[in-house]
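Structure first, commentary second.
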Amino acid sequence: MSPDFEKALAVGRPPNVQALFPHSRALLVSGKVIDRAMRARGRAMTIAANARNALVIRGTLAAAQRADAAIIIEIAKSEGGRKPYCAVNYWNMARVVDQIMNELGITVPVAIHADHYGIKGPKDVVDARVEIPTLVEAGVTSIAIDASFLPDDENLLAALELARYVPGWAGLETEVGEIKGNEGLSTVEEALFQVRGLNAHGIFPDWIALNNGTAHGIQTEDQGIQVDLTRRIHEALAPYRVSGAQHGTSGNSTDRLRRIARDTTTTKANVATALQMISWGVRVNDYGNAELDADKNLVKIPGSGVEDTLWADMMAFAAEKGWKGGNLKNLSLPFDNRILAQPREVRERMAAAVEAFVYNLLVDVFNARDTAPFAIEALLRAGSHDLGPKADRIEDPSAWTEEKIRARAKTLNADKGAGGDFSD
């Protein structure tokens, strides 16, 4: 190992990681470190891979090592919260990642991100006061407090309340505009409202996620990230030095994703459904969409992914439950043990398919190759796991009291789009 890696290992692991894995040689770091590496590289973003099964994690980590890229492994509340549809969850994700990194000798820096920690009402805020500390205790090094389901004032007030439960050294993501495809697109005005309000109270998010035209899950069309809208919002936020987090990359061509990396300040790109489908052996097109036949059934590539007999059982189970299209994600949890019980060569081909897909994204699409040294350099320069905020407070807190936040929100011109459950 290089001397720089050894130094980074000594100073770069946050206290929760050190407590959980005192003898580990996995460089688990704050989400801040990953963001700084992409910004130092310039015009680069890295994968935030949704870890819907352990083989997705394995393939993603192997790809990152090959590309020498700093990356993020994550799971969302809908996937791995209290009511999960995946076996990997908020509370075991760090343990799975740490084990695989040590087994494979992974030396690139990796952050553990609790994505879409959804807040949909007052009860969720109450629960979060208890639950967020448990995520940190379980090894999470970065979190997205997502109250985008709420009106703008409630979103900001929830973010202000819950940010104090996130350690200052940890990565922090905020969100405006629930991910709804082309409905309820985020505006410059909304994004500034959220970030200015946080800044006034000394909260400096590393990322902001937007509804910029994309959607979650299996897509039936090219929904389309609106690159120009994203660029305009990022330019308006430049004084606050917040980076972009791109959700719902499935449904977007590699060319459009290259434009996001090149033309915006996005440093984090979430990839979820495509990785799950590729691990199963489902055919995925250039838009990251799983291909469906005329009956909306997944198209499996012969000799890839899970064994044919297991696939037949999965499809029969789905038919019994009435699951089609996006609801096929729910096969993750009931079949996880059977997936892991397959012969080694089957498990290896599943992970290898994910590795090939992720490596291509990191190297040929996201411009994330060789970003690990930038992350290590940031840790060594700080001499600590805590890089501190990127921004300074430039807003007056007296102008952002609760009363004034509610009054300001009434002046916003925001179309939230249709109601419904858009989580994935």
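The values are calculated or read from the model by the stated rules, or taken from the named source; none is laboratory data. Remember, it's a predicted structure, so these values are computed and weren't measured experimentally. All Cβ positions, glycine included, derive from the backbone under ideal geometry; neighbour counts span all protein chains shown.
For Arg129, state whether it is touching a Leu at 6+ places or on another chain (Cβ under 8 Å), surrounded by fewer than 18 Cβ atoms within 10 Å (Cβ to Cβ), of a type in the set (D, E, K, R) and under 27 Å from Ile376 (Cα atoms). For Arg129, the condition - touching a Leu at 6+ places or on another chain (Cβ under 8 Å), surrounded by fewer than 18 Cβ atoms within 10 Å (Cβ to Cβ), of a type in the set (D, E, K, R) and under 27 Å from Ile376 (Cα atoms) - is not met. Criterion applied to Thr249, Thr267 was being among the β-branched types (Val, Ile, Thr), assigned to a strand (DSSP E or B), closer than 29 Å to Ile208 by Cα and within 23 Å of the chain's Cα centre (by Cα), and the one residue passing it is Thr267. Right, Ala352: surrounded by fewer than 20 Cβ atoms within 10 Å (Cβ to Cβ) and of a type in the set (Gly, Ala, Ser) or not? Against the criterion (surrounded by fewer than 20 Cβ atoms within 10 Å (Cβ to Cβ) and of a type in the set (Gly, Ala, Ser)), Ala352 qualifies.
Here Lys296 fulfils each of the conditions (1) on the phi < 0 side of the Ramachandran plot; (2) in a loop (DSSP other than H, G, I, E, B) apart from (1). Summed over the stretch 81-92, the residues that are within 12 Å of Ala51 (Cβ to Cβ) and touching a helix residue (DSSP H, G or I) at 6+ places or on another chain (Cβ under 7 Å) give a count of 6.
Which ones in the stretch 283-318 are among the aliphatic types (A, V, I, L, M) and touching a helix residue (DSSP H, G or I) at 6+ places or on another chain (Cβ under 8 Å)? Listed by number, the residues that qualify are Val284, Ala290, Leu292, Leu298, Val306, Leu310, Met314, Ala318. As for the stretch 49-67, it holds at least one residue that is surrounded by fewer than 24 Cβ atoms within 10 Å (Cβ to Cβ) and either hydrophobic (A, V, I, L, M, F, W, C) or touching a Pro at 6+ places or on another chain (Cβ under 6 Å) (or both). Picking from residues in the stretch 217-234 that are within 17 Å of Ser253 (Cβ to Cβ) and modelled with pLDDT under 90, the one that is surrounded by the fewest Cβ atoms within 10 Å (Cβ to Cβ) is Glu221. The residues of the stretch 270-288 that are assigned to a loop (DSSP other than H, G, I, E, B) and either crowded, with 24+ Cβ neighbours inside 10 Å or in contact (Cβ under 8 Å) with a residue 40 or more places away in the chain (or both), listed by number, are Ala272, Gly281, Tyr287, Gly288. Of the listed requirements (1) under 21 Å from the mean Cα position of the chain (by Cα); (2) crowded, with 17+ Cβ neighbours inside 10 Å; (3) assigned to a helix (DSSP H, G or I); (4) among the charged types (D, E, K, R), Arg347 misses just one: (1). A Cβ distance below 9 Å, combined with a sequence gap of six or more or placement on separate chains, defines the contacts here; from the stretch 8-27, residues that are in contact (Cβ under 8 Å) with a residue 60 or more places away in the chain reach residues that are part of a helix (DSSP H, G or I) and of a type in the set (Asp, Glu) in the pairs Ala8/Glu377; Asn16/Glu137; Val17/Asp98; Leu20/Asp98; Leu20/Glu137; Phe21/Asp98; Ser24/Asp98; Ala26/Asp98.
Yes/no per residue for (1) assigned to a strand (DSSP E or B); (2) within 29 Å of Ala70 (Cβ to Cβ); (3) not basic (Lys, Arg):
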site: Ala87; (1), (2), (3): no, yes, yes
site: Asp98; (1), (2), (3): no, yes, yes
site: Val108; (1), (2), (3): no, yes, yes
site: Ala111; (1), (2), (3): yes, yes, yes
site: Lys120; (1), (2), (3): no, no, no
site: Ala128; (1), (2), (3): no, yes, yes
site: Leu135; (1), (2), (3): no, yes, yes
site: Gly139; (1), (2), (3): no, yes, yes
site: Leu156; (1), (2), (3): no, no, yes
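When the test is whether a residue is touching a Phe, Trp or Tyr at 6+ places or on another chain (Cβ under 7 Å) and closer than 22 Å to Arg406 by Cβ, Asp152 passes it. Considering the stretch 289-312, the residues that are surrounded by 14 or more Cβ atoms within 10 Å (Cβ to Cβ) and farther than 20 Å from Val56 by Cβ include one that is nearest to the chain's Cα centre (by Cα), namely Leu292. Of all residues in the stretch 391-410, exactly one satisfies the criterion of being farther than 20 Å from Gly177 by Cβ, in contact (Cβ under 8 Å) with a residue 12 or more places away in the chain and of a type in the set (Lys, Arg), namely Arg393.
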